[in-house]
Amino acid sequence: MVVREGFRKMLELEADLEVVGEAQDGREAVTLVKQLRPAVVLMDIAMPRLNGLEATRQVLKAVPTTKVIMLSAHSDDAYLEDATKSGAKGFLIKQTSSHVVCEAIREVQKGNTFFSPTVAKRLHQLEGRSPDRIGPPPSRNVHLSSRETEVLQLIAEGKANKQTASELGISTKTVEKHRDHVMQKLNIHDTAGLTRYAISAGIIESSVQLTIV
């Protein structure tokens, strides 16, 4: 909440930028984008109910003209790769200064890409590495479907199968099926292990915020 309010107040000072909506979690973000069709979205990479990566995929599928800038407290290689694969046009570290955030919004709206200075430097370093050394650890290469990722996040957030089923509008039996598939794909067979994976993959964090512009 504090982070989101800070971004809103900062952006309201810019004459050419208007905050048209805010969301507390990923599902609300997707719903608001469909309704408001903003030019640019500032999307936290880790949010409750639906993480920023999956929310970005759903946003861009529903409203292809919207541009997404990902926000994260981390700049690890895997986070950068996941963000770009999801379709984000920018990646900013949360500690980025206000003038850089505004510059990013303007550049992305023009159709350009934009990364925090530290992230841009990291990308430059990655480009100089040999192909066989680029990419996330083997466990991060496992492909989970959108629904499997949603189920994984809710499990990691402590939701029971019945709660997850209600949240996603599917049957408990279907949730159990997705849970089994996730465990098989990740070769993880307990909730604690799934939670640790979700944290390491940036699917959940201890605190989550989102701002839509």
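Run down Glu28, Glu54, Glu12, Glu18 and say which single residue is open to solvent by less than 10 Å² (accessible area, probe 1.4 Å) and of a type in the set (D, E, K, R).
Glu54 is the lone residue from the list that is open to solvent by less than 10 Å² (accessible area, probe 1.4 Å) and of a type in the set (D, E, K, R).
Select from the range 60-69 the residues that are in contact with a helix residue (DSSP H, G or I) (Cβ under 8 Å, 6 or more places away or on another chain) and part of a loop (DSSP other than H, G, I, E, B) and list them in ascending order. Within the range 60-69, Val63, Thr66 meet the criteria. Each residue in the range 20-58 was checked for being β-branched (Val, Ile, Thr) and over 21 Å from Leu144 (Cα atoms), and 5 of them qualify. Given the condition at positive phi, within 22 Å of the chain's Cα centre (by Cα), free of Cβ contacts under 8 Å to residues at least 60 places away in the same chain and open to solvent by 40 Å² or more (accessible area, probe 1.4 Å), answer yes or no: does some residue in the range 175-187 qualify? Checking the range 175-187: not a single residue is at positive phi, within 22 Å of the chain's Cα centre (by Cα), free of Cβ contacts under 8 Å to residues at least 60 places away in the same chain and open to solvent by 40 Å² or more (accessible area, probe 1.4 Å). Among the helices (runs of 4 or more DSSP H) confined to the range 81-173, the ones with at least 2 residues that are modelled with pLDDT of 75 or more and closer than 15 Å to Asn51 by Cα are located at 146-156, 161-168. Pairing residues of the range 100-111 that are within 16 Å of Thr65 (Cβ to Cβ) with residues that are part of a helix (DSSP H, G or I), at Cβ distances under 9 Å and at least 6 apart in sequence or on separate chains, gives Ile105/Leu11.
Here is a check on your reading of the model: is Lys61 out of contact with any strand residue (DSSP E or B) (no Cβ under 9 Å at 6 or more places or on another chain), surrounded by fewer than 17 Cβ atoms within 10 Å (Cβ to Cβ), over 25 Å from Pro117 (Cα atoms) and not polar (S, T, N, Q)?
yes
Taken over the range 1-59, residues that are out of contact with any Gly (no Cβ under 9 Å at 6 or more places or on another chain), within 21 Å of Glu107 (Cβ to Cβ) and part of a loop (DSSP other than H, G, I, E, B) amount to 10.
The values are calculated or read from the model by the stated rules, or taken from the named source; none is laboratory data. Quantities reported herein were computed from a predicted structural model and do not represent experimental measurements. Quick reminder, even Gly has a Cβ in these numbers, built from the backbone with ideal geometry, and neighbours come from all protein chains shown. For the accessible areas, the whole protein counts, side chains as well, though only heavy atoms, and no ligand, DNA or RNA atoms are used. Shrake-Rupley method; radii C 1.70, N 1.55, O 1.52, S 1.80 Å.
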